[in-house]
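First comes the structure, then the notes that go with it.
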Amino acid sequence: MGHYKLPVDVLVRQLEAAYERIFALYDDVNSTLVPSASILPSALKELGIASEELQVAAEELNQQSEELVATRAIVEAERQRYQNLFEFAPDGYFVTDLQGMIHQANQAAAQLLNLSQQFLTGRPIAGFVLETERQAFRSKLSQLHQSKRVQKIETVVQPRLEEPLNVALTVATIQNSTGEPVSLCWLMRRLAKRSSSPAQEKGYDPSQDYPIHSYAKGETVPLKPQEICLVNQGLVKLSTFSGNGKEVLMGLAGASMVFGSTLTSLSIYQAIAMSDVQLVYIPQEQINTSPRLANLLMPKIAQRLKQTEKLLLIAGQPRVKDRLWELLLLLKQEVGEPVEDGVRLNVRLTHEDLASACCTTRVTVTRLITHLLQTGQVSLNKHYIVLHD
């Protein structure tokens, strides 16, 4: 049979009842000129009952106190065990707030960053990231607590008075009893070699580290100084103007293609969204210092140069109908999607758009498109142009 634990509130009520009975006897004695012979036995009986209740309560409290001491010792032993696991783990461990301010760091973390543990506490973890990687890291940090999944980040840290280190960070969000995120736990491991080869970087998506900007069809896409635009979705027309005010097509940037003011020497250069567009801006200085970004973007810049050569060839065609057909073939290559009866251009183009790209009039393009429809070289599928072999 288990030991019965007297609840504290029940004990308090029993003691209060005993006190009330004793005080009642005391009032009877004071209110009677000649004390009754039964008062003394009653008083002794009440005092005896109260004494027994106090003794039981004292024993119960003593036992509960012993159990609490034993429980506290067990909890302290468990806490110390986990503290030792944290402290002497072979990998670097950090505990930070949601903004990345370090609250705890173990010995391995201090060794990785070549700094005493006491000087790590209270400092932002982003402050140890290499300066050229810091903006991308902070962008990722601001989104970490929004996910309940364990997340992984590869970056470069700068230990004190040592060479930069390539590290892998595994981050988990800690929540309170109501499910609100309260802190972040970090595991830092040194990487023998950072994955920065072109083959390895194919899966890298800069939109994970840089904000996505959206523009509707017909909007002008701002060209920011010393920044390169990487298109995630849609098609952007790049153009300039000749001396007589005519628009001249300089390029078409589709998904995974780049453009920007740093890639041209023209004083007049504009970018117009030919469909709904999503893109990111990447600072040139970060491309210069980040092998990962350079390996990703250099082939895309080369792709733009090759496209420019093709557009020069198209512009050299003396007849408008040849310019239009060559432009459609270029679009087939850049934004084409195979369908059952040909290749569909995955962007809605008006006759005005095609006329601007071919440096001609809308009326001329309408006449030429009508001819292509009649000959079966193209067809329309929900306002999308389909080219047939």
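Pairs spanning more than 22 Å between alpha-carbon atoms, out of 310/382; 246/332; 237/310; 332/382; 224/332: 310/382; 246/332; 224/332.
Spin-label pair residue 178-residue 111: with each label point 7 Å from Cα along the Cα-Cβ axis, the two points sit 4.2 nm from one another.
Sorting 60, 162 from the fewest to the most surrounding beta carbons within 10 angstrom yields 162, 60. What's the FRET efficiency of residue 191 with residue 233 using the Cβ-Cβ distance as r and R₀ = 30 Å, to the nearest 0.05? Given R0 = 30 Å and the Cβ-Cβ separation, E is 0.40. Evaluating 6.51 cos²θ - 1.76 cosθ + 1.60 at θ = phi - 60° for every residue in the stretch 139-155, the Karplus couplings come out as 4, 5, 4, 5, 9, 4, 6, 7, 10, 8, 7, 5, 10, 10, 9, 10, 8 Hz, glycine and proline recorded as x.
Put in order of Cβ neighbour count within 10 Å, fewest first, the listed residues 178, 170 become 178, 170.
Remark: the stretch 207-303 projects, on average over all directions, an area of 6.1 nm² (convex hull of Cα atoms).
Counting other Cβ atoms within 10 Å as a rough exposure proxy, the listed residues 350, 132 run 350, 132 from fewest neighbours to most.
Just so you know, all these numbers are worked out from the coordinates, no wet-lab data involved. What you are looking at is a predicted structure, and each value in this text was computed from that prediction instead of being measured. Note: ideal-geometry Cβ built from the backbone for every residue, glycine included; neighbour counts use all protein chains shown.
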